[in-house]
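J.: Could you have a look at this structure, given as structure tokens, before my questions?
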Amino acid sequence: MPVETWLIFTLGFMILGSIVALEIRDILSAIIAISVVGLGVSMAFLFLQAPDLAIVQFLFEIFALIILVRAFIDKKNHQFEPSSSSMVMTIVGVVAIAVIFMLSIPMFRLLPPFGEPLMSVSQHYLDFGASETGAANLVASIILDYRAYDTLGEVTVLFTAILGAFAILRTTAKHKTAGGNDE
Amino acid sequence: MTVYLLCFALFLVGLYGVIAKRDLIKIILSIGIMGYAVNLFLILFAYKRDAIYPILTPGAAPQVMVDPLPQALVLTSIVIELGTTALLVALAVRLYQKYGTFDITKIRRLRG
């Protein structure tokens, strides 16, 4: 079977899973549904010949599941009473989404067709990556050699986000000691 | 082109969740869906027909490999997404501790 068939099946499954995750009442079921969508992304990466990404996406999914379940599982089951404004927002949202989708179809015609990438810069990486960096995995040679500053910035962003999460979740306030030296 | 449109439809499902849902948890999940769709779109754009993964093994020619550059960028993007998800969850938990609800229409005292 061609790869498009598998991808269309996987993407349809993911759209269905997303709608279920957004519309279901139970929060635990919504989190599980979103994890199913993420594992679908991991499977699609395997079909698209990106094994490194499939592994990283799988790990991301497991961590995200643990974080979301740990954070939200003990909150009391909240049922929102349906209001007229939320119904209006739903209708407005669906109409806006449909209009955006219709308007986007001509834009997607301008892209190169599926299966024929541009490869203007990447061909250099493919041809000379092994001799210039010595890495057999060309993705690793890009993130750790050609674009190492990107990776450095990524680690900085990740560190800042985790630091922010700890600062937000901190419950004890910092206060000065009796001697006045608060370091 | 069908796969591009389906991927964009997945993005729009996430956008619908962000603008139409009142539950803070659902909004966080919608942002996650949008992230999945963007990552997947970049990798769809990198696929070359009948090509193999960009790892040099004996007998693999560089002419029949998929584009490695979007894969490297998306690898970065996935890891950053984990950090932003953790930050969003921390903010939501903190708001729940202060207001006792996840309903964004009830969280109104955010001024000063």
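Laboratory data are not the source of any read-out in this text; all were calculated from the coordinates shown. Worth saying up front: this structure is predicted, and the values here are computed from it rather than measured. Here Cβ is always computed from backbone atoms with ideal geometry, including for glycine, and neighbour counts include all displayed protein chains.
J.: Would you tell me the mean number of C-beta atoms belonging to other protein chains that fall within 10 Å of each C-beta in B:37-48, as a whole number?
T.: Counting Cβ atoms of other protein chains within 10 Å of each residue's Cβ and averaging gives 6.
J.: Taking each residue of A:157-170 in turn, how many C-beta atoms of other protein chains fall within 10 Å of its C-beta, and what is the average?
T.: Mean shielding count: 5.
J.: Amide H of residue B:65: which non-local residues (sequence gap of 5 or more, or other chain) have their own amide H closer than 5 Å, using H built in the peptide plane?
T.: Sorted by chain and number, the residues that satisfy this are B:52.
J.: Also, I was wondering about something else. Name the residues whose placed amide hydrogens come within less than 5 Å of the amide hydrogen of residue A:115, ignoring near sequence neighbours (fewer than 5 apart) on the same chain.
T.: The answer is B:47.
J.: Cα centroids of the range B:52-101 and the range A:3-43: how far apart, whole angstrom?
T.: Answer, in whole Å: 17.
J.: So, one more: Quick check on the range A:112-170: take the gyration tensor over C-alpha atoms, sort the square-rooted eigenvalues as a ≥ b ≥ c, and tell me if it's rounded (a/c under 1.5), prolate or oblate.
T.: Details: a/c = 4.27, a/b = 2.00, b/c = 2.14.
Since a/c reaches 1.5 but b/c is at least a/b, the shape of the range A:112-170 is classed as oblate.
J.: Next question, about the same structure. Please sort by residue number the chymotrypsin sites (Phe, Trp or Tyr not before Pro) in the range A:9-97 whose DSSP state is loop and whose Cβ has at most 14 other Cβ atoms within 10 Å. Working shown, then result.
T.: Values: sites: A:9, A:13, A:45, A:47, A:58, A:60, A:63, A:72, A:80; in loops: A:80.
Answer by residue number: there is no such site.
J.: How would you classify the range A:3-116 from its alpha-carbon gyration tensor, with a ≥ b ≥ c the square roots of the eigenvalues: rounded for a/c under 1.5, else prolate if a/b is greater than b/c, otherwise oblate? Please report the intermediate quantities before stating the final value.
T.: Details: a/c = 2.99, a/b = 1.19, b/c = 2.52.
Note, shape of the range A:3-116 comes out oblate.
J.: Do you know the Lys pair count in the range B:2-110 for C-alpha distances under 27 Å, with sequence separation 8 or more or different chains?
T.: Numbers: B:21/B:98; B:21/B:106; B:26/B:98; B:26/B:106; B:98/B:106.
Total qualifying Lys-Lys pairs in the range B:2-110 comes to 5.
J.: Summing +1 for each Lys or Arg and -1 for each Asp or Glu, what net charge is found among the other residues whose Cβ lies under 11 Å from the Cβ of residue B:93?
T.: Working: positive: A:70, A:75, B:94, B:98; negative: A:74.
Taking every other residue near residue B:93 into account, the sum is +3.
J.: Which residue fluctuates the most in chain B, going by a Gaussian network model with Cα springs under 10 Å, if the choices are B:102, B:41, B:11?
T.: Of B:102, B:41, B:11, the most mobile in the Gaussian network model is B:102.
J.: Let me see the P(r) profile for the protein assembly as shown: every Cα-Cα distance counted, bins of 10 Å, each bin given as a percent of all pairs.
T.: 6, 24, 29, 23, 12, 5, 1, 0
J.: Would you mind telling me which residue in A:64, A:44, A:173 has the biggest mean-square fluctuation in a Gaussian network model of chain A, where springs connect alpha carbons within a distance under 10 angstrom?
T.: Looking only at A:64, A:44, A:173, the biggest GNM fluctuation is shown by A:173.
J.: Using only DSSP helix segments of four residues or longer, with each worth -39500 (n - 2.57), what per-residue ellipticity at 222 nm results for chain B after dividing by its residue count and rounding to 500?
T.: Numbers: 3 runs with 74 residues, N = 112.
Calculated mean residue ellipticity at 222 nm is -23500 deg cm²/dmol.
J.: By per-residue mean of other Cβ atoms within 10 Å, what is the highest-first order of A:132-142, B:66-76? Mind dumping the intermediate values first?
T.: On the way: A:132-142: 18.9, B:66-76: 24.2.
Order by mean packing, descending: B:66-76, A:132-142.
J.: Could you give the semi-axes, largest first, of the ellipsoid that matches chain B, computed as the square roots of 5 times the alpha carbon gyration tensor eigenvalues and rounded to whole Å? The partial results should precede the final answer.
T.: On the way: eigenvalues 308, 53, 12 Å².
Semi-axes, largest first: 39, 16, 8 Å.
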